[in-house]
1. List the pairs whose first member sits in the stretch 61-82 and is among the basic types (Lys, Arg), whose second member is open to solvent by 30 Å² or more (accessible area, probe 1.4 Å) and at pLDDT below 95, and whose Cβ atoms are under 9 Å apart, counting only residues at least 6 apart or on separate chains?
2. Filter the stretch 187-232 down to the residues that are open to solvent by 30 Å² or more (accessible area, probe 1.4 Å) and among the basic types (Lys, Arg), then identify the one that is farthest from PRO150 (Cα to Cα).
3. Could you check the stretch 309-374 for strands (runs of 3 or more DSSP E) lying wholly inside it with 1 or more residues that are in contact with a strand residue (DSSP E or B) (Cβ under 6 Å, 6 or more places away or on another chain) and among the small types (Gly, Ala, Ser)?
4. Does GLY237 meet the test of being open to solvent by 30 Å² or more (accessible area, probe 1.4 Å), small (Gly, Ala, Ser), on the phi > 0 side of the Ramachandran plot and out of contact with any Ser or Thr (no Cβ under 9 Å at 6 or more places or on another chain)?
5. Taking the options ARG264, ARG281, name whichever one is open to solvent by 20 Å² or more (accessible area, probe 1.4 Å), more than 27 Å from PRO79 (Cβ to Cβ) and in contact with an Asp or Glu (Cβ under 6 Å, 6 or more places away or on another chain).
6. Considering only the stretch 147-173, state which residues are of a type in the set (Gly, Ala, Ser) and either at positive phi or part of a loop (DSSP other than H, G, I, E, B) (or both).
7. Residues that are free of Cβ contacts under 8 Å to residues at least 60 places away in the same chain and open to solvent by 30 Å² or more (accessible area, probe 1.4 Å): does the stretch 176-186 have at least one?
Amino acid sequence: MKRNPISRRQFIQSTAAVSLAFATPKMAWGQTSADVIIVGAGWSGLSAALVLQDEGLDVLVLEGKNRVGGRVYSIDSVPGSPEGGANAIVGPRPVAVARRFGVELIDRSKRPPPTSGGRSLVLNGKVVSPSEWPDSPQNPFPKDSREKMPWAYVSPIVSANNPLKALGDWVDPAHASYDISVHSYLEKQGVGDRIIQLAVNTNCLYGTSAHDASALMPLRNSVWAQNLGGINFVGKGGNQRVPEGVARNLKRQVALRKAVSAIRSEADGVDVYCSDGAQYRARFVICSVPVTVLRSLRIEPVLTGIQEQAVKTMDYTLSSQVHLTAKRPFWEEDGIPPSMWTDGPAGMVSASRNSEGKITSLAARASGFMARYLDRLGPEGAKAAVTKYIEAVRPAAKGQLTALHFHSWEQDRFAGGGNYMVWGPGEVTAFHGKLWARHGRISFCGQYTSLLDRGQEGAMASGERAASEVIERL
């Protein structure tokens, strides 16, 4: 899974900013901006800030975006504020912090059932009904599983053949033999190439195909679902309201639009340089940005060895999405569920609903190669392509759709990819535990640094761990 190259203009701008930063004399100790500077206001950075603030330390959070929350992103420009990142508030830590600061949560399990539920299957531009699927020539599944839909085929196999029992087992050397590709793992379970192509590579959640990810990822996710999957809330008005509530309760306001370009760690403190020319100094720094962003920063002294190799090579999931509204509920006309699983540019289409269960918008989320296809079209081209595709497979939708918003997580310079890091075959064994080793006065956090390595819970746990590292050294 190769990344898009940085443009010449971006390279020149970033190089100029970093060169200017390191040409600037370091700040005197008396000019210290804070006890601790945290780079990034996602869940891990905010979690670290809370721990340090509760210990009485002066904390400054720098965030490159114009908002807090990282990949928790509620798209307020679309009716109903659908989620562009995390679809739920999952895990005891984020739920507890929401309640601590009075952010209202809605229990999804208590929502009224949707009047138009289910998910339709679209292959080669045609809707395939559940009754047609078992006898469809496109169905590659064995006789005893032909009624299973493509998105439901792999999970039972993973669950039935999972050697992991606890959340941290996936990094145990005893399970290193499972640090092989998902493709190889499924082959060992007797799953053929044609099935893998349909059930995994279409709408590929990790990378571009089953060859990109370590089998330890789905195995870990299966254990995670059993342990934490039952905690499922949404923030009233959008999930982003939760990290916003945390940020409001920090003693120092998060400094937005402060894109960090370089960090210099020295014996008596750390200097942080921003691309707008701002310079800060602290006793310690916690860097919570994704690895894909970290490798664009200049770190001094430079990272070396396995840590450097990991930072330069690790990647995240590919996810690009188009959010649409419908003038009328065309799904009631054609009798097909509004949510769809497709092999086209719309990827997986889901219906966003309000607290009463009414559909407020549709989200078409493409992954893998299809996400990069939409990225190449640009925002308006992607909107047009997705709209045209849905209208073609659902004639009742023709003239009813308005595409309001496009977002590419890989092209987001402060994210560099979707919700989860893709641990490639062999990378869990080679990199886990070494990737976020403390570097001088710099500590690292982010969901990828957690044993949970999953969503908001893992991100917050990593922030707590990084904060503890700093507290131990004060």
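1. From residues that are among the basic types (Lys, Arg), the pairs are ARG71/ASN419.
2. Result: LYS188.
3. Of the strands (runs of 3 or more DSSP E) lying wholly inside the stretch 309-374, those with at least 1 residues that are in contact with a strand residue (DSSP E or B) (Cβ under 6 Å, 6 or more places away or on another chain) and among the small types (Gly, Ala, Ser) span 319-326, 348-353, 359-367.
4. Answer is no for this residue.
5. ARG264
6. ALA166
7. Within the stretch 176-186, one or more residues are free of Cβ contacts under 8 Å to residues at least 60 places away in the same chain and open to solvent by 30 Å² or more (accessible area, probe 1.4 Å).
Matching residues to (1) out of contact with any Leu (no Cβ under 9 Å at 6 or more places or on another chain); (2) open to solvent by 10 Å² or more (accessible area, probe 1.4 Å); (3) in contact (Cβ under 8 Å) with a residue 40 or more places away in the chain:
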position	(1), (2), (3)
GLY378	yes, yes, no
VAL386	no, no, yes
LYS398	yes, yes, no
ASP412	yes, yes, no
GLY417	no, no, yes
TRP423	no, no, yes
ILE442	yes, no, yes
LEU452	no, yes, yes
VAL470	no, no, yes
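The values are calculated or read from the model by the stated rules, or taken from the named source; none is laboratory data. Quantities reported herein were computed from a predicted structural model and do not represent experimental measurements. Every residue, glycine among them, receives a Cβ derived from its backbone with ideal geometry; neighbour counts consider all protein chains shown. When the accessible area is computed, the model is the full protein with side chains, heavy atoms only, and any ligands, DNA or RNA have been set aside. Shrake-Rupley method; radii C 1.70, N 1.55, O 1.52, S 1.80 Å.
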